[in-house]
């Protein structure tokens, strides 16, 4: 595979521009937080920076692509590029549920390797995926390495929840912000992958500017489910009752949970279920936001706002670990009341 460069990253001009300027001025911090939605290029940018950092003969702001380091990076075999992700726990405990980045995982795969000499004598790079999943003990253990790394070291924390990182971690790193991509760019990327124009358009509109999320939702059947959800919400907002809404939510989320659990049989079912519910609540919220932006009807706007508030309450209940069935039932009752109100206004 060819090495990753800045030219491979689309729609992140501000983040990439800052990184390129910092590199050119030789002012690159040894601790970086790449913050932004999932699937918008944070991982690709981390790989591009790691490749440049470890290249033996960089050509300005681009790696040479031919030195032993670049060849090892292209083959995913460079001894000084360390990827840290929660599933690493299963290398030692095959049946362990990978729900967080524990202190032991951070010690074994980041802190201890950071103290060793670089294999190719160019430096070491550590990329931590889902950094928000580091528990407090893991984050505290990381502080010394962030403050005083041994030798030429680069640590990149990838996260869509930077506020979940301790202030002491954030203060020792430079935060680089990544933004959602324009829907047109996401759609273009999807169609280049051979996805039909209709699916690409719907997935791009739903994904909130994340090509990675759009692809995942297409693969998981979420885009098809979203079309069914949109039809039901449209009926409710226009004053037509939808009696099967709780059952539909339950069936849609169950199907998504089954698919995701089949891919990772050791995943937490409770965590996966709540993630699936949040997926459809997020999609419902996006539909309502789009309709609010397009409407000038005051009565309709009032109903849309009330529906959006109901979705927000459901998400808050989910965060508070309220029973999922109860969340569906309460949400359905609220939305049905809105439907009755709309019917009375016709």
The one condition residue 169 fails out of (1) buried (at least 19 other Cβ atoms within 10 Å of the Cβ); (2) within 18 Å of residue 13 (Cβ to Cβ) is (2)
Pairing a residue in the stretch 237-252 that is under 20 Å from residue 304 (Cα atoms) with any residue that is modelled with pLDDT under 80, where Cβ atoms lie under 6 Å and the two sit 6 or more apart in sequence or on different chains, gives 239/339; 239/342; 239/343; 239/346; 241/339
State all residues of the stretch 74-123 that are under 18 Å from residue 3 (Cβ atoms) and either out of contact with any strand residue (DSSP E or B) (no Cβ under 8 Å at 6 or more places or on another chain) or at pLDDT below 90 (or both); if no residue qualifies, say none.
74, 75, 76, 77, 78, 79, 119, 120, 122
Report whether or not residue 26 is at positive phi, at pLDDT below 95 and either surrounded by fewer than 20 Cβ atoms within 10 Å (Cβ to Cβ) or outside the structural domain of residue 123 (by TED's automatic domain parsing) (or both).
yes
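Okay, residues lined up against (1) closer than 23 Å to residue 205 by Cβ; (2) surrounded by 18 or more Cβ atoms within 10 Å (Cβ to Cβ); (3) without any contact (Cβ under 8 Å) to a residue 60 or more places away in the chain:
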residue	(1), (2), (3)
277	yes, yes, yes
304	yes, yes, no
310	yes, yes, yes
314	yes, yes, yes
322	no, no, yes
337	no, no, yes
340	no, no, no
Based on this model, can you work out whether residue 126 counts as surrounded by 22 or more Cβ atoms within 10 Å (Cβ to Cβ), assigned by TED's automatic domain parsing to the domain that holds residue 152, at pLDDT 95 or above and in contact with a helix residue (DSSP H, G or I) (Cβ under 8 Å, 6 or more places away or on another chain)?
yes
Selection count where residues are in a loop (DSSP other than H, G, I, E, B) and touching a residue at least 60 places away in the same chain (Cβ under 8 Å), scope the stretch 95-151
10
Across (1) crowded, with 21+ Cβ neighbours inside 10 Å; (2) touching a strand residue (DSSP E or B) at 6+ places or on another chain (Cβ under 9 Å); (3) at pLDDT below 95, residue 147 clears everything bar (1)
In the stretch 155-166, which residues are assigned to a loop (DSSP other than H, G, I, E, B) and surrounded by 14 or more Cβ atoms within 10 Å (Cβ to Cβ)?
160, 165, 166
Kindly indicate whether residue 306 is at pLDDT below 90, assigned by TED's automatic domain parsing to the domain that holds residue 333 and not in a helix (DSSP H, G or I).
no
Condition check: modelled with pLDDT under 90, over 16 Å from the mean Cα position of the chain (by Cα), more than 20 Å from residue 272 (Cβ to Cβ) and not assigned by TED's automatic domain parsing to the domain that holds residue 159. Does residue 234 satisfy that?
yes
Yes/no for residue 183 being under 18 Å from the mean Cα position of the chain (by Cα) and farther than 22 Å from residue 18 by Cα
yes
Going residue by residue through the stretch 172-183, is there one that turns out to be surrounded by 21 or more Cβ atoms within 10 Å (Cβ to Cβ) and over 20 Å from residue 26 (Cα atoms)?
yes
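The values are calculated or read from the model by the stated rules, or taken from the named source; none is laboratory data. A quick note: this is a predicted structure, and the numbers were derived from the prediction, not measured. A quick note on method: Cβ atoms are made from the backbone with ideal geometry, for glycine too, and the neighbour counts reach across all protein chains shown.
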